[in-house]
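In what follows, a structure is listed as structure tokens, so that the remarks can point back to it.
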Amino acid sequence: AHKFATSKAQPTSCAIAAKANPSAAKRVRKAMASHAYASSSLASSAPALLFLVFLISCLAAAAQSKLPPSSPEGLLKQMTKELNDGTFMPVVGLGTWKSQPNEVEAAVYHAVCNAGYRHIDAAQIYGNQDEVGRGLARAFKDCGVSRKDVWVTSKVWMVDFAPKDVSGAVDRILRELGLDYVDQLLLHWPVSFRKPPPGCPPACSAPFEGTDDAMRPRDKDGNVVNGKLDLAETWAALGKTKKAGKVRSIGVSNFNAEEIQNLVKGGEPLPAVNQVEAHVFWNQQSLIRDMEVLGITVVAYTPLGNPSLYGERSGIVSDLVLSVAKDSDLTPAQVMLNFLITKGCVVVPKSVTPERIDSNIHFALKLTPEQMAKLEKAPQQRLTNPKIRPGGQPIFDDKRHTDEL
């Protein structure tokens with residue numbers, strides 16, 4: 001077993017075996033962590049011992065190389081990631097940001113009914129949760145898919161970060177989606193906004209003179225009007241909605257490790273996930289390491305670099321990605337998704353095109369260590385950095401130089 005485990009082999013059958021008996025795989029992981037390979041509880045029968053030795057070798061090989069076992073096409077849509085709160089999150093989800101009106105419902109329906117997605121990523125600020133909800137409702141009715149089998153994430157926007165407003169915001173999200181609960185709720189950004197008074201806009205007095213959207217309050221200079229909240233209190237209020245049964249898992253988006261530590265200074269549980277921009281050309285290597293230390297799963301938004309918004313800056317049409325795609329017999333989008341999944345991330349690519357929705361989940365994970373290393377050398381550039389901190393400062397302070405794509 002040791003000889004096999006330290007080899008470079010990563011057989012597809014490893015993934016299939018672990019999928020076939022996840023409880024056994026979980027026991028093996030625990031045994032490996034404590035070096036209890038010969039535990040009598042694992043060796044109750046010869047067949048069981050052989051199966052578990054096989055799993056040990058698979059898991060050890062994957063751990064050594066930091067790459068998951070390769071997977072056959074079709075298995076990807078069944079893959080889940082166990083979060084630190086004990087929930088299991090599907091590794092590939094459908095993103096819904098920037099989807100145009102009257103497109104999201106059909107996209108969600110197709111993703112769930114035809115493509116096999118079991119994870120939908122939504123948000124209060126996207127303005128299309130009603131369509132997401134209609135797509136889900138149709139899928140549950142027409143396709144024999146149960147509500148409990150589809151993971152739905154949403155996000156609380158910053159005007160609702162005051163602890164007294166969190167529960168009402170969650171109720172509004174549930175109404176928009178037409179659901180009794182969501183699987184996960186995130187704090188969308190690590191800052192708070194002051195909520196404009198009723199009637200603003202259009203009747204906005206100081207400090208909201210520049211406000212034309214109540215979700216984005218602005219002063220006379222056009223800067224966001226920030227609140228002065230301790231987000232640890234917001235986090236505690238979100239935790240109460242979980243205890244009330246409105247949400248199964250809670251997390252954050254766009255937070256750094258220090259900001260996360262501040263959330264839990266009062267003894268609240270750590271977030272289950274941190275959803276951030278991540279792709280080949282902004283691989284979040286340092287943040288992923290920080291989250292691994294904390295036991296927090298990274299969820300990658302804009303995993304394809306958002307080609308519809310950023311065009312050639314997205315990187316999906318770069319010579320690097322096109323070269324790896326040709327060598328691996330994957331599409332450029334599949335290369336970028338494979339890269340992140342191999343690094344342990346959950347991905348939520350956005351599309352409303354049925355063919356692309358299908359392609360983003362119907363492929364095999366087969367990038368080699370050499371191809372991964374090649375992609376890790378890509379020039380790095382963040383795409384999303386809104387100026388929403390006090391004084392109009394950007395949310396991220398990237399101190400190191402980044403090359404232009």
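Just a few scattered comments:
- Model label zone, S167; criterion: amide N under 13 Å from point 7 Å along Cα-to-beta-carbon; scope segment 243-268: 243-246
- Cα gyration tensor, segment 136-248 - rounded (a/c under 1.5), prolate or oblate: prolate
- Charge dipole of segment 203-257 about the Cα centre (unit charges at C-beta), most positive-ward option of G239, P207, P217: G239
- Each peptide in 366-375, 341-350 was scored by the mean count of other Cβ atoms within 10 Å over its residues; highest first, the order is 341-350, 366-375.
- From most to least packed by mean Cβ count within 10 Å, the peptides 272-279, 379-386 give 272-279, 379-386.
- Principal axis box of segment 355-399, alpha-carbon based, largest edge first, Å: 46, 28, 11
- Using the Cβ of A244 as centre and a radius below 14 Å, the other residues enclosed give a net charge of +3, where K and R count +1 and D and E count -1.
- Solvent exposure of R216, expressed as accessible area, is near 90 Å², computed with a probe of 1.4 Å over the protein chains only.
- Model label points for N114 and T368, set 7 angstrom from Cα along the Cα-to-Cβ axis, are 3.6 nm apart.
- For segment 89-157 and segment 334-405, distance of Cα centres in Å: 21 Å
- Here the Karplus relation 6.51 cos²θ - 1.76 cosθ + 1.60, evaluated at θ = phi - 60°, turns the backbone of segment 328-333 into coupling constants of 9, 6, 10, 6, x, 5 Hz, with x for every Gly and Pro.
- Near E277, the amide H atoms lying under 5 Å from its own belong to Y301; only residues 5 or more places off or on other chains count, and H is placed 1.01 Å from N.
- Packing rank of 287-294, 92-99, 262-269, where each peptide gets the mean count of other beta carbons within 10 Å, highest leading: 92-99, 287-294, 262-269
- Solvent exposure, largest accessible area first (probe 1.4 Å, DNA, RNA and ligands not counted), of R118, R147: R118, R147
- Nearby aspartates and glutamates by direct alpha-carbon distance to K377 (threshold 15 angstrom, same-chain neighbours under 8 apart not counted): D319, D403, E404
- Computed over neighbours whose Cβ is under 15 Å from that of D130, the net charge equals -1, Lys and Arg +1, Asp and Glu -1.
- Summing +1 for each Lys or Arg and -1 for each Asp or Glu among the other residues whose beta-carbon sits under 12 angstrom from that of P303 gives 0.
- Across K220/K387; K326/K374; K242/K343; K155/K195, pairs whose alpha-carbon gap is larger than 19 Å: K242/K343
- Cα-based shape type of segment 209-316, given that a ≥ b ≥ c are square roots of the gyration tensor eigenvalues and the cut on a/c is 1.5: oblate
- Projected label distance in nm at D212 and V293, using a 7 Å step from Cα toward the beta-carbon: 4.4 nm
- Our estimate of slack between A106 and K326, defined as 0.36 nm per intervening residue step minus the Cα-Cα distance, is 76.1 nm.
The values are calculated or read from the model by the stated rules, or taken from the named source; none is laboratory data. Owing to the predicted nature of the structure, the values given are computational and were not obtained by experimental measurement. Cβ sites come from the backbone with ideal geometry, for glycine too, and all protein chains shown count toward neighbours. The protein model used for the area step is the full one, side chains on, heavy atoms only, and it has no ligands, DNA or RNA in it. Shrake-Rupley method; radii C 1.70, N 1.55, O 1.52, S 1.80 Å.
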